[in-house]
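Structure first, then comments.
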Amino acid sequence: NHHQDVTPADVKKLCQKVKKFGFHSAFVNPCYISLAREFLSGRATIGTVISFPLGQEMRDIKVLAAIEAARKGADELDVSMNVGLFKAGKYELVLEEMKAIVEAVKNLRKKVLVKFIIETGCLSVDEIKRASELVLKSKADFVKTCSGMGPRGATLKDVELIKSVVGGKIRIKVAGGIHNYQQAMGFINAGAARIGT
């Protein structure tokens, strides 16, 4: 539910489905975190996105957005990596930004999960591995493959590449183009711990 025309009624429908089917969490746009808390009544976790899907907000804005989301009650934050800086080889800047976000959020609420979306559809094989290394170094909780709004969705190869770098040290979330049970199970069997769909 991260489109620009999402209404409070859409958030309510999503939360009803999450409760009905026992899904782990409802992911909503940041402005609807409080509303989702009200609709879910503690029966599932709440996730939101930060600097989504482009990842190119200024660093301080991304940090502040992450802090505010955690303050409002988001349990999970899916943060878009700055793919442009990464592709330009500015790895230290990308890592510093990731670390700043993780540290700020964990200092506020240690149990909030932080995931970085590396947008695998924009990256080469080597870049997927390098981006996964940066996420691991940042002390985030997950590497997330895609925003679902990039050039393509997740692939089994993405999971394989990420897993080759992070092993079992941090978890993997897949998203983008996962529409049925067979696809979901394929990703779970490949090593994904979370599915965004």
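The values are calculated or read from the model by the stated rules, or taken from the named source; none is laboratory data. The model shown is predicted, which means the values in this text are computed figures rather than measured ones. In this analysis, Cβ positions are derived from the backbone assuming ideal geometry, glycine residues included, and neighbour counts consider all displayed protein chains. The protein model used for the area step is the full one, side chains on, heavy atoms only, and it has no ligands, DNA or RNA in it. Shrake-Rupley method; radii C 1.70, N 1.55, O 1.52, S 1.80 Å.
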Handout entry: Top-ranked residue in the stretch 108-122 [being of a type in the set (A, V, I, L, M) and surrounded by fewer than 23 Cβ atoms within 10 Å (Cβ to Cβ); ranked as nearest to L85 (Cα to Cα)]
Key = L113
Handout entry: Subset of the stretch 1-46 [farther than 20 Å from V114 by Cβ and basic (K, R)]
Key = K12, K13, K17, K19, K20, R43
Practice task
Only residues in the stretch 177-191 that are free of Cβ contacts under 8 Å to residues at least 60 places away in the same chain count as the first member; pair them with residues that are hydroxyl-bearing (S, T, Y), Cβ under 8 angstrom, at least 6 apart or cross-chain, and list the lot.
Solution key: I178/T197; H179/T197; A184/T197
Handout entry: Residue within the stretch 3-12 that is touching a strand residue (DSSP E or B) at 6+ places or on another chain (Cβ under 8 Å) and at positive phi present
Key = no
Practice task
State all residues of the stretch 65-83 that are without any contact (Cβ under 8 Å) to a residue 40 or more places away in the chain and in contact with a Cys (Cβ under 9 Å, 6 or more places away or on another chain); if no residue qualifies, say none.
Solution key: none
Exercise for the section: Within the stretch 1-15, count every residue that is free of Cβ contacts under 8 Å to residues at least 40 places away in the same chain and open to solvent by less than 100 Å² (accessible area, probe 1.4 Å). Expected result: 10
Exercise for the section: Please give the number of the condition E103 fails out of (1) in contact with a Lys or Arg (Cβ under 9 Å, 6 or more places away or on another chain); (2) within 20 Å of A175 (Cβ to Cβ); (3) free of Cβ contacts under 8 Å to residues at least 40 places away in the same chain; (4) surrounded by fewer than 24 Cβ atoms within 10 Å (Cβ to Cβ). Expected result: (2)
Exercise for the section: Could you please find all residues in the stretch 65-76 being surrounded by fewer than 23 Cβ atoms within 10 Å (Cβ to Cβ), outside any helix (DSSP H, G or I) and in contact with a helix residue (DSSP H, G or I) (Cβ under 6 Å, 6 or more places away or on another chain)? Expected result: G73
Practice task
Starting from the stretch 146-161, keep only residues that are open to solvent by 80 Å² or more (accessible area, probe 1.4 Å), then list their pairs with residues that are of a type in the set (S, T, Y) whose Cβ atoms are within a distance under 9 Å, requiring at least 6 positions of separation or different chains.
Solution key: R152/T120; K157/T120
Completion exercise
Residue hits (the stretch 43-53; surrounded by 15 or more Cβ atoms within 10 Å (Cβ to Cβ) and either assigned to a helix (DSSP H, G or I) or not aromatic (F, W, Y) (or both)) are A44, T45, I46, G47, T48, V49, I50, S51, P53
Fill in the blank from the handout: Going through (1) surrounded by fewer than 22 Cβ atoms within 10 Å (Cβ to Cβ); (2) in contact (Cβ under 8 Å) with a residue 12 or more places away in the chain; (3) closer than 19 Å to A100 by Cα one by one, K62 fails only at (1)
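For every residue, the table says whether it meets (1) out of contact with any Ser or Thr (no Cβ under 8 Å at 6 or more places or on another chain); (2) open to solvent by 30 Å² or more (accessible area, probe 1.4 Å); (3) polar (S, T, N, Q).
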position	(1), (2), (3)
K169	yes, yes, no
A175	no, no, no
N180	yes, yes, yes
F187	yes, no, no
A192	yes, no, no
Problem - Unique match (being under 25 Å from R171 (Cβ atoms) and charged (D, E, K, R)) among K12, K72 - result: K72
